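One structure is given here, and the rest of the page talks about it.
The values are calculated or read from the model by the stated rules, or taken from the named source; none is laboratory data. Every value quoted in this text rests on a predicted model; they were computed, and no experiment measured them. Ideal geometry is used to build each Cβ from the backbone, glycine not excepted, and the neighbour counts take in all protein chains shown. In case anyone asks, the SASA skips ligands and DNA or RNA and just uses the protein heavy atoms, side chains included. Shrake-Rupley method; radii C 1.70, N 1.55, O 1.52, S 1.80 Å.
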Amino acid sequence: FRFPQQPQIILLKEGTDTSQGRAQVVSNISACTAVADTVRTTLGPRGMDKLIHDDKGTTISNDGATIMRLLDIVHPAAKILVDIAKSQDSEVGDGTTTVVLLAAEFMKEAKPYVEDGVHCHNIIRSYRSAGNMAIERVKELAVSIEGKSLEEKKSLLAKCAATTLSSKLISGEKEFFASMVVDAVLAIGHDDRLNLIGIKKVPGGTMRDSFLVNGVAFKKTFSYAGFEQQPKKFLNPKILLLNIELELKSEKENAEIRLSDPLQYQSIVDAEWNIIYDKLDKCVQSGAKIVLSRLAIGDLATQYFADRDIFCAGRVTEEDLQRLSSATGGTVQTSVNNVIDEVLGTCEIFEEKQVGNERFNIFSGCPSGQTATIVLRGGADQFIEEAERSLHDAIMIVRRAVRNSTVVPGGGAIDMEISKHLRLHARSIAGKSQVFVNSFAKALEVIPRQLCDNAGFDATDVLNKLRQKHAADGGANYGVDINTGGIADSFANFVWEPAVVKINAINAATEAACLILSVDETVKNPKSESAQGDAAAMGGRGGGGMRGRGGRGMRRR
Ligand code: ADP
Ligand code: MG
């Protein structure tokens, strides 16, 4: 009697590619380092921009999140860096390059230990506690700008915005834009909705021609004959916001009417005219001087309003109409029956103005005051696009600072200070953890080092000076001086960053590093790979796109 041969255990489908163990951790770390290397040189005021060319066109950017998104990274581990850059962008709006650099540096510091056979969980545990200590330290060092007068606050916020803008393409005009951003943010007060600040781009002119409207502005919509006769300026007009069509509809496509007597035909035509005239009458009777609609306002209506000295615009975008509604206090109507005074909005000045080659409808001095529009001018399209992204960063920063109102010194000062703090703490630890906390502390120095490298300074020299300064009393605020290549008191020079940017960056970077260190196996299923390929080819349509996304999400966890 012989036992049947032991069956071979088949766990994974044929063709499945697995890699595991220490080698896998090391290779993941290398991939992340490679990704960080691509954005490394964009950090700081002397950072370089990247030109990314893909099927959708050319983008020039200095923004970490934008670059990472456009790079279209496929390595599953390196994708985590893309995710943290994205989340940093949506959470705080700045510090996207910082977070990627920090995460990669944390991993790079851990790499020799992993190669030497240290168990990853020892490193992870130390990193987590070091990360928490670092965040505590940032909170301790943060300086509040609360309790200052409005003027003082404004100038402090403008300095914050200027720091953000100083690393961007529009840095030449940073003071100009910084004060514009601060005015815009203070205008919307504590409202959470970001879309209350509109940014309109008009190519042409110089950056200095950009201006801020404390209210709403949008490009003149398509208009019919008769429009020229309408008045183009009002003081304190009543504004009617509509979501209906004011157009004579010829219903011959939509309806079928059978007539037995040809004479009846005229009555049908008359009925159509009566309906539209009735609508128009009601608009006029409401007392509104400006009629805006999300849908079309036809030639008949345009002429009708022109005869009665009323301004009208049709096909206003949904977004602009919403902003008009919150700015002017009007409510968007879906019917012209019973338009009472309460639903009409108002503003101090309405004007149609020429901006570059475009005509703009501008509503300023709105009663609720809770909207602002920045009209951005400048040369090339790519330039304006990048300017918009930069302003977005600055707006986010000022909003955060208004809400949290604590700042820390930038230019690597805060990073050096935390690093020193952690090194001191490490000395009190007995055991292996000491080494890992030290590595974490060392990794934080990547920020000032990179700032120096990007500006062409001798990083080793500057870092030595910084370490010495921070070790002494009263040197906590010293960072890289981007103008001279030495060191300077960042706080005194108003190189400030909101504390939340740093806190969020350290937190996210630590988490990402720990996550990648804890992954020691990647399983690549050949089937799902090709399914993803199909989905991409289909342009991510419907179920295919969903499947692709689900697959990626699964593998990360
Ligand atoms: P991120 O995408 O991380 O915000 P940036 O390119 O905006 O990257 O660079 C931010 C870094 O540059 C911060 O560490 C900030 O402190 C530093 N920085 C900004 N302005 C200055 C300056 N004038 N002098 C020195 N460092 C600066
Ligand atoms: Mg920045």
remark   = If amide H atoms are modeled at 1.01 Å from N in the peptide plane, then the residues at a separation of 5 or more from V355, or on another chain, having amide H under 5 Å from its own are F360
inquiry  = How big is the stretch 224-323 along each principal axis, measuring the range of its Cα positions in Å and listing the largest first?
reply    = 54, 28, 23
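How charged is the neighbourhood of F218? Take every other residue with its Cβ under 15 Å from the Cβ of F218, and add Lys/Arg as +1 and Asp/Glu as -1. Don't skip to the answer; put the middle values down first.
Working: positive: K200, K201, K219, K220, K232, R294, R315, R323, K353, R359; negative: E318, E319, D320, E351, E352, E358.
Net charge in that neighbourhood comes out at +4.
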Long-range amide H partners of F494 with built H, under 5 Å = none
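Packing-wise, with mean Cβ within 10 Å as the measure, how do 207-218, 336-347 rank, highest first? Spell out each step's value before the answer.
Numbers: 207-218: 20.7, 336-347: 16.2.
Ranking the peptides 207-218, 336-347 by packing returns 207-218, 336-347.
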Solvent-accessible area per residue, Å², over the stretch 337-451 with all protein chains present [probe radius 1.4 Å] = 36
request  = Express in whole angstrom the spacing between the alpha-carbon centres of the stretch 480-522 and the stretch 150-181.
outcome  = 21
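Heavy atoms only, 1.4 Å probe, whole protein assembly: order Y304, Y127, Y224 by accessible area, highest first.
Working: Y304 25, Y127 0, Y224 65 Å².
The most accessible residue leads, giving Y224, Y304, Y127.
Please sort by residue number the GluC sites (Glu not before Pro) in the stretch 250-301 whose DSSP state is loop and whose Cβ has at most 13 other Cβ atoms within 10 Å.
E251, E253, E256
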task = Please report, as a whole percent, how much of the solvent-accessible surface of the chain comes from carbon and sulfur atoms (probe radius 1.4 Å).
result = 50
task = Mind ranking 319-329, 23-33 by how tightly packed they are, going by the mean number of other C-beta atoms within 10 angstrom, highest first?
result = 319-329, 23-33
key: Label point distance in nm, T334-I257, each placed 7 Å from Cα along Cα→Cβ   = 2.6
inquiry  = Within the stretch 1-126, count lysine pairs with alpha carbon atoms under 27 angstrom apart where the residues are 8 or more positions apart or belong to different chains.
reply    = 10
request  = Take E109, E318 and sort them by solvent-accessible surface of the protein heavy atoms, 1.4 Å probe, largest at the top.
outcome  = E318, E109
query = Taking the Cα centre of each part, how many Å lie between the stretch 372-411 and the stretch 327-355?
reply = 30
query = Hey, which of these cross-link pairs are over 31 Å Cα-Cα: K279/K353; K159/K442; K465/K502; K159/K233; K154/K200?
reply = K159/K233
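At 1.4 Å probe radius, can you tell me the per residue accessible area of the stretch 82-210 in Å²? Intermediate results must be reported in sequence, preceding the final value.
Values: 5470 Å² over 129 residues.
I get 42 Å² per residue for the stretch 82-210.
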task = Kindly report, to the nearest 10 Å², the accessible surface of D461 as traced by a 1.4 Å probe over protein heavy atoms only.
result = 70
